[in-house]
1. For residue 59, what accessible area in Å² do you get when you roll a 1.4 Å probe over the heavy atoms of the protein chains, rounding to the nearest 10?
2. What distance in nm separates the two pseudo spin-label positions at residue 140 and residue 51, each 7 Å out from Cα along the beta-carbon direction?
3. How high is the FRET efficiency from residue 147 to residue 84, r the C-beta distance, R0 35 Å, rounded to 0.05?
4. If you count only protein heavy atoms and use a 1.4 Å probe, how large is the accessible surface of residue 78, to the nearest 10 Å²?
5. Using a 1.4 Å probe on the protein heavy atoms only, what accessible surface does residue 76 show? Give it in Å² to the nearest 10.
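The values are calculated or read from the model by the stated rules, or taken from the named source; none is laboratory data. None of these values were measured; they are calculated from a predicted model. Because the Cβ atoms are built from the backbone with ideal geometry, glycine has one as well, and the counts that use them run over all protein chains shown. Protein only, heavy atoms only, side chains kept; ligands, DNA and RNA dropped before computing areas. Shrake-Rupley method; radii C 1.70, N 1.55, O 1.52, S 1.80 Å.
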Amino acid sequence: RNSYVTSANGNATSSKDGDGDGDGNSMDADDHDNNELATPANLNTSEAMERATAELATKLTTLLQNGNGTMIPYRVIRSRFHADNVPDDMLTTALSSCAVLVRGNFALKSTLAQFLRTSMGGGESRRKLVRELRDFILLLLNMHGRIQRERLIYVYETL
């Protein structure tokens with residue numbers, strides 16, 4: 001559908017992102033689910049707050065999953081949910097359950113990445129290895145801002 005490229009700093013870019021803002025994230029009108037979450041006025045109990053946060057985490061997981069591993073900046077995620085319906089503390093709590101922060105951008109946790117399961121064959125041990133390798137790549141990106149492909153291939157081949 002859209003061609004996404006993740007740069008060294010983790011920002012996603014796309015030649016046609018669908019919404020014209022050039023941020024690499026297509027945001028169709030039907031993608032906005034701002035009114036489906038409970039508003040803060042309705043969240044009187046901690047149980048209701050936890051339920052709304054879990055619901056938000058599910059929506060965030062879907063958002064990150066649809067990008068096939070593309071990292072999304074906080075400002076883009078924040079723009080998808082109205083601040084009156086989703087306070088910052090609820091958004092960050094939900095993000096912490098489904099994403100990791102890499103140089104100011106959020107990436108789906110490898111354990112939740114469906115695209116890792118469907119894109120490769122092999123058994124569970126191979127999928128676990130690929131998840132760990134992805135976590136390692138995200139760590140390297142966070143620490144150094146870039147990856148030396150030759151070194152990574154060497155490490156992968158020795159496993």
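1. 40 Å²
2. Each label point lies 7 Å from its Cα, and together they span 4.5 nm.
3. In this case the efficiency is close to 0.30.
4. Spelled out: residue 78, probe radius 1.4 Å, area about 40 Å².
5. My reading of the accessible area for residue 76 is about 10 Å².
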